[in-house]
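The values are calculated or read from the model by the stated rules, or taken from the named source; none is laboratory data. Fair warning: this is a prediction, and the values are worked out from it, not measured in the lab. Reconstructed Cβ throughout: ideal geometry from the backbone, glycine too, with neighbour counts over all protein chains shown.
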Amino acid sequence: MSLKEELAAFRARAESKRAPEVVAAMHRAVDELRACGAIGRVLKVGERAPEFTLPDQRGEPVSSAALLARGPLVVTFYRGVW
Amino acid sequence: MELAALQSARADLQAIPATLVAISPQRPAHSLAVAERRHLAFPILSDRGNQVARRFGVVFTLPDYLREIYRAFPLDLAQYNEAEPWTLPMPGRFVIDRAGVVRDVDVDPDYTTRPEPAATVAAVRKIVGRP
């Protein structure tokens, strides 16, 4: 199963357990975020990525400059485990 | 789910070689728990208050009506995020070349949509000029 299929199945399962007004509110929030032009503020292809140094899950600092010295870098944003 | 899928793409990225990091506003202890449970071999970096996410332009604030719904689940994001708990990054993925320039972006306001790891690997292979 691709990640897309896995997520769709997860979403269907989660939404089937929720009250319709809750599902509607969650969809509304996504629609509003889409409509307010949030995507237009996202860093674009060709722009310089910000440099960063952040602690990993064990508190060890990780710097983007050090990683880029080894090759291309993939950065994925993750809301959280909840 | 997405992190586990990325873990499966990590070997391909490593062979290029390219590196992979996840960035999250949650406290390191929560990231440590998920990294161990999912056997993640890439780091989850702690971005307190979404300061780095803001520079990537992916931050948004949850509307009040959604906070109420989350609290009723019950889900209090203050337990996960130390600063500005109701501010989150949109799920998204950036591919950055060695010169520090963004070469591929996939961001969607819909949190149930995530880039396919295979597409990420393809995007990285493209910038290093390998099929």
Quiz item: Just wondering, is there one or more residues in region A:51-66 that are more than 7 Å from chain B (Cβ to nearest Cβ), crowded, with 18+ Cβ neighbours inside 10 Å and within 19 Å of the chain's Cα centre (by Cα)?
Solution: yes
Practice problem: May I ask you to verify whether A:Val30 is in a helix (DSSP H, G or I) and either within 23 Å of B:Phe60 (Cβ to Cβ) or of a type in the set (D, E, K, R) (or both)? | Solution: yes
Quiz prompt | Residue check, A:Ala9 over 20 Å from B:Ala53 (Cβ atoms), in a helix (DSSP H, G or I), more than 7 Å from chain B (Cβ to nearest Cβ) and free of Cβ contacts under 8 Å to residues at least 60 places away in the same chain | solution = yes
Quiz item: In the set B:Leu13, B:Leu6, which member is touching a residue at least 24 places away in the same chain (Cβ under 8 Å), in contact with a strand residue (DSSP E or B) (Cβ under 8 Å, 6 or more places away or on another chain), surrounded by 14 or more Cβ atoms within 10 Å (Cβ to Cβ) and under 19 Å from B:Pro89 (Cα atoms)?
Solution: B:Leu6
Quiz item: Of the numbered conditions (1) within 16 Å of the chain's Cα centre (by Cα); (2) modelled with pLDDT under 90, A:Thr76 satisfies every one except a single condition; which is it?
Solution: (2)
Quiz prompt | Selected residue (criterion: farthest from the other protein chains (Cβ to nearest Cβ)) from residues of region A:33-43 that are in a loop (DSSP other than H, G, I, E, B) and surrounded by 12 or more Cβ atoms within 10 Å (Cβ to Cβ) | solution = A:Cys36
Quiz item: Any residue in region B:39-55 that is at negative phi, more than 17 Å from the chain's Cα centre (by Cα) and acidic (Asp, Glu)?
Solution: no
Quiz item: If you scan region B:16-52, which residues turn out to be closer than 21 Å to A:Phe52 by Cα, of a type outside the set (A, V, I, L, M, F, W, C) and surrounded by fewer than 16 Cβ atoms within 10 Å (Cβ to Cβ)?
Solution: B:Pro17, B:Gly49, B:Gln51
Practice problem: Kindly indicate which of B:Val128, B:Val58 is surrounded by 15 or more Cβ atoms within 10 Å (Cβ to Cβ) and either modelled with pLDDT of 95 or more or facing chain A (nearest Cβ under 7 Å) (or both). | Solution: B:Val58
Quiz item: Inside region B:86-115, can you point out the residues that are free of Cβ contacts under 8 Å to residues at least 24 places away in the same chain and either in a loop (DSSP other than H, G, I, E, B) or more than 8 Å from every other protein chain (Cβ to nearest Cβ) (or both)?
Solution: B:Arg98, B:Ala99, B:Gly100, B:Asp106, B:Asp108, B:Asp110, B:Tyr111, B:Thr112, B:Thr113, B:Pro115
